[in-house]
Amino acid sequence: MLAFVPAYVYSSVFQSLGIRKKGFELPKVIGEYKLAAQLSKKNYPFQVGLYENGKEQIIAKIWTGSKNSIHYSSLLHETSVLKILSRATSKKVKNKVSFPRHIKTLVRRNRLILLCTYQKGVKVSSLPLSMQLESYRRSRAFLKEVTNALTYEEMQKIGVRGFRFYILSAPLITSLAMLRRPLMTPSLVLSLLRFYSGALQLKRQALVLVHGDLHADNIIQNGNKISIIDCEQMRISYKELEDVTTLASTRNHKGFENVLWTNADQMKEKRRARFSSLMIHANTFNLIGNMKKKNVTKYKKMLHKKI
């Protein structure tokens, strides 16, 4: 359950020392598919390319480097998740929302390659705010619907983060955050106390499928259809966590964030306590990593924000 801690520490320490795999060119050919375009995002740990074979287009998402890296684990997790989602959404779920379909996973000496279907359309971040909010609402509803199509075994494979996970992991990640940012020790201790004051409201609450990074760049719209991409952080957890992790993204429209904060302020007391505890946990965890100063500032503000 807590296996993510050593993996994250390993990745964070080596990244902070500047020991990371140097950039590389995308393969020109993968099997029968030829490289058509490079789609990698700036400061994104994976290389992403659009490939085609004359009949169809696919996406290749690639990690090159150590198998001990948290990024390798994340991409391996996404391959497992997409296989499960392909089955769960094939018959039981009827909705104009979808995920990429897993095609193949290739494991090589220092490289992991995920091949999945290409989702045509535009990122909803390029659309008006009202359409961004509607796409986010539809995506949330779809994730809840998919939850009902998952078996118990599939949920366990995706990874369940419930009451015990948060109660047990909170002091560990707080300690790691204090080691990483010693000047924040007093505020991190106070935040841990605030976490536990609301954490009891997490007990016996229903869990749902949570994307974990559902910002507007990870939702693709094509007409009336939308697709949810980049599922490497997907878990089974509390529905409030989706808003928490979305707010933690630095890619949101300001108006979009304002709406989510307003919704949080209007939550009933028990749900607001859950949201607050999850927000403290998520942003304490975020502060462990190596990141830009503006991201540290954002997570500090969210850590101290009272709902």
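Before moving on, here are some points about what is shown:
- Residue match in the stretch 159-170 (condition: of a type in the set (Val, Ile, Thr), in contact (Cβ under 8 Å) with a residue 40 or more places away in the chain, surrounded by fewer than 19 Cβ atoms within 10 Å (Cβ to Cβ) and over 30 Å from residue 272 (Cβ atoms)): no
- Exactly one residue out of 58, 62, 113, 103 is surrounded by fewer than 19 Cβ atoms within 10 Å (Cβ to Cβ), of a type outside the set (S, T, N, Q) and part of a strand (DSSP E or B), and it is 103.
- Comparison of 213, 243 shows that the only residue that is within 13 Å of the chain's Cα centre (by Cα), without any contact (Cβ under 8 Å) to a residue 40 or more places away in the chain and in a helix (DSSP H, G or I) is 243.
- Residues that are assigned to a helix (DSSP H, G or I) and not charged (D, E, K, R) within the stretch 135-152 comprise 135, 136, 139, 141, 142, 143, 146, 147, 152, listed in sequence order.
- Test: residue 153 is free of Cβ contacts under 8 Å to residues at least 24 places away in the same chain and among the acidic types (Asp, Glu): yes
- For the stretch 265-295, a tally of residues being free of Cβ contacts under 8 Å to residues at least 60 places away in the same chain, aliphatic (A, V, I, L, M) and surrounded by fewer than 22 Cβ atoms within 10 Å (Cβ to Cβ) returns 3.
- Some residue of the stretch 144-153 being of a type in the set (S, T, N, Q), surrounded by fewer than 17 Cβ atoms within 10 Å (Cβ to Cβ) and over 17 Å from the mean Cα position of the chain (by Cα): yes
Quick note: the coordinates plus some simple rules give every number you see, no bench work behind them. Computed from a predicted structure; not experimentally measured. Virtual Cβ from ideal backbone geometry, glycine too; neighbours counted across all protein chains shown.
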